[in-house]
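Just below is one structure, and these are the notes that go with it.
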Amino acid sequence: MVRAKHIHHMNIVVNDLEKARDFYGRILGLPAIKRPNIAQPGLWFGCEANELHISFRQELKSGRTNLSLYGQERGKEGRHVAFTMDGSPDDIAKHLEEEGVPYVRGTAGLPQIFCEDPAGNFIELNTGWYQAPLRS
């Protein structure tokens with residue numbers, strides 16, 4: 001039987017690679033990893049067994065990216081990237097405040113914090129709650 005084993009990487013699009021490098025590398029603490037010689041500019045980061053690929057596109061429309069925000073002002077698409085973080089939700093919130101990153105806490109009773117990267121991609125930061133896969 002052929003089946004997907006796990007998610008290998010997620011690709012997002014940004015319009016400023018240096019701001020993305022700072023946000024994902026310094027603020028979120030993801031290590032940069034080697035990227036093949038690809039014509040389109042970008043960055044790759046490791047995240048344990050997974051990767052985050054970042055592609056550059058200068059002409060992004062302000063506030064709308066390939067992972068556009070959900071929320072009252074932008075519809076309710078729900079598309080986002082989620083990272084499990086070290087520390088408590090309060091630790092994460094304090095870190096974001098110190099870095100000047102606006103955020104909101106989740107409202108579903110789960111340990112979630114939501115923010116945007118500098119390109120407007122919606123990011124979830126959680127503390128590692130997991131649910132067993134559903135079986136049919």
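See the values below:
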| quantity | calculated |
| --- | --- |
| Filter result (among the charged types (D, E, K, R) and either in contact with a helix residue (DSSP H, G or I) (Cβ under 9 Å, 6 or more places away or on another chain) or without any contact (Cβ under 8 Å) to a residue 40 or more places away in the chain (or both)) within the stretch 23-57 | 26, 34, 35, 48 |
| Subset of the stretch 54-89 (residues that are part of a loop (DSSP other than H, G, I, E, B), surrounded by 12 or more Cβ atoms within 10 Å (Cβ to Cβ) and modelled with pLDDT under 55) | 63, 64, 65, 66, 67, 68, 69, 70, 74, 77 |
| Test: residue in the stretch 90-109 that is within 18 Å of the chain's Cα centre (by Cα), farther than 20 Å from residue 13 by Cβ, modelled with pLDDT of 90 or more and part of a loop (DSSP other than H, G, I, E, B) | yes |
| Residues within the stretch 16-53 that are in a loop (DSSP other than H, G, I, E, B) and either closer than 21 Å to residue 103 by Cα or touching a Cys at 6+ places or on another chain (Cβ under 8 Å) (or both), tallied | 4 |
| Per-region count, the stretch 1-39, residues surrounded by 14 or more Cβ atoms within 10 Å (Cβ to Cβ), β-branched (Val, Ile, Thr) and modelled with pLDDT under 95 | 3 |
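The values are calculated or read from the model by the stated rules, or taken from the named source; none is laboratory data. Computed from a prediction, not measured in an experiment: that's the story for all the values here. Cβ: placed from backbone, ideal geometry, glycine included. Neighbour counts: every protein chain shown.
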